[in-house]
Amino acid sequence: MKTYFITGGAGFIGSTLTKRLLSEGNKVVTIDNFCDYYDPKLKEKNVEEFLSNENFKLYRGDIRNRNEVKKIFDENNIDIIMHLAAMAGVRPSIENPILYQEVNGLGTQNILEEAKLHNVKNLVMASSSSVYGNCKEVPFREDMIVDFAISPYAATKKANEVMSHVYHKLNDMNIIMLRFFTVYGPKQRPDLAINKFTRLMLENKEIPMYGDGSTSRDYTYVDDIVDGICKSCDYVMTHDNVYEILNLGSYNPITLKEMIETIAEVLNVKPKIKELPMQPGDVDRTYADIEKAKKLIGYEPKTTFKEGIKNFIEWYKENQY
C-alpha cells in the first residue's frame, strides 16, 4: 500500500483520481482550500464519499501557507506527490495575475521545497496545454519552444515546468510534468464551456459563441487523464533520474461549433447561438501530439468525444440539473 499526496484533491480531476487510487487499495492524503472560484459546495460533494474511508485524509488548507504544507509532510509518510492544485482559468488570470502567481508559483514552490526537505523524490505535476499559446505548427509537441505565453495562467504553468527542472537537477527528484488538454467529464467545473453550454441548452437560453465557431480544442475525457496520471506515477516510482514533460490529450481536436452540435444532439435540443468576438487570452486551437506519452508510459486515450459528452450529461442530469 502506497501513500499518495494529492494537492487540489477536492477538485474535478483530483477527486476523480482519488476515487481510483482508493479503489485500488492505496492511501490518499489531500489538501484543498475549497476556494470560491466556483461554488465550494460542489467540491464538498466531490469528497463526501471518501470521508468515511480510513485510507483517506483531508486537510483543509492552502498551498500558499508553508506551515500548512509542512504539517502534511510531517504527519504522513508520503511515497509520491500529485500536484494538481492551482488557480485555474485563462480569462480570470488576466483580471487577477498576482493571485495566479501567488497560488501557482509560490504554492508550487512550497510543495517542491517541502518535498525536498522531507526527502520525497517522486512527483507528478499538472501543467497545461495553454503553455503552447498560439503555436502555428500542429500537433503540439513537447519539444516545441513555448516562451510566448498569452495569459498569466499559461505563464505560471511554464514557470512551474522550469522551477521543477531546477529541483530535479539539484535534489535528484523524479518529476513528470503533464500538459493537460481541455479535460471534461463528470464533475467538470461549472465555468467550463461543456458544463455551461449544457446548462444553458437545458434552460433554453442563448449559447455565447466566441468567434465564428472554428476555434478548436483537444478535449480529453477525465478518466483518460486520470489513467495518464496513474501511469506517470508508476513510471517515476520505478525509474531514476526522471524529468519529462508529457502531453495528455486525445489527438482529436473538436471545433467549438462541433462541440455545441454534439451537446445539442445528445440533449435532443436546437441550440440558440449568440455570436460574440474572440476574448483576450484565448488560443485559436489546441492539438496534442501524444506519441511521447504513448511510448514512455503507455498512455492510450479510449473515450470518444461523443461518449464522453453522453457520460457528462448523464452525470449532470443526476447531480446538477
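What the table below lists for this structure:
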read-out	value
Radius 12 Å from Cβ of Lys205, net charge of other residues (Lys, Arg +1; Asp, Glu -1)	+2
Under 13 Å from Lys317, Cα to Cα: aspartates and glutamates that are on another chain or at least 8 residues apart	Glu203
Column: log10 I(q)/I(0), Debye, Cα scatterers of region 116-181, q = 0.14, 0.17, 0.22 Å⁻¹	-0.44, -0.62, -0.91
Extension gain (nm, one decimal) between Thr304 and Asp282, 0.36 nm per residue minus Cα-Cα	5.5 nm
Calculated FRET value between Tyr210 and Glu261, using beta carbons and R₀ = 25 Å, to 0.05	0.95
Förster radius 22 Å - calculated FRET efficiency between Arg60 and Asp39 (Cβ-Cβ, nearest 0.05)	0.85
Under-5 Å amide H pairs with Tyr210, H placed in peptide plane, nonlocal only	Leu276
Extension gain from Asn268 to Glu203, taking 0.36 nm per residue of separation minus the Cα-Cα distance	22.1 nm
Projected-area average for the chain over all orientations - Cα convex hull basis, square nanometres	15.2
Ranked by how many other beta carbons lie within 10 Å on average, peptides 253-259, 163-169, 99-105 from highest	99-105, 253-259, 163-169
Separation of alpha-carbon centers, region 19-33 and region 274-303, rounded to whole Å	27
Surrounding net charge for Ile245, when Lys and Arg each add one and Asp and Glu each subtract one, Cβ distance under 9 Å	-2
Unit charges on C-beta of K, R, D, E only; dipole of region 37-91, Debye	340
Of Lys41/Lys71; Lys205/Lys274; Lys70/Lys121; Lys2/Lys27; Lys205/Lys272; Lys71/Lys231, those spanning more than 18 Å from alpha-carbon to alpha-carbon	Lys41/Lys71; Lys71/Lys231
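Bear in mind these aren't lab numbers, they're just calculated from the coordinates by the rules spelled out. In this text, all values refer to a predicted model and were calculated from it rather than measured experimentally. Quick reminder, even Gly has a Cβ in these numbers, built from the backbone with ideal geometry, and neighbours come from all protein chains shown.
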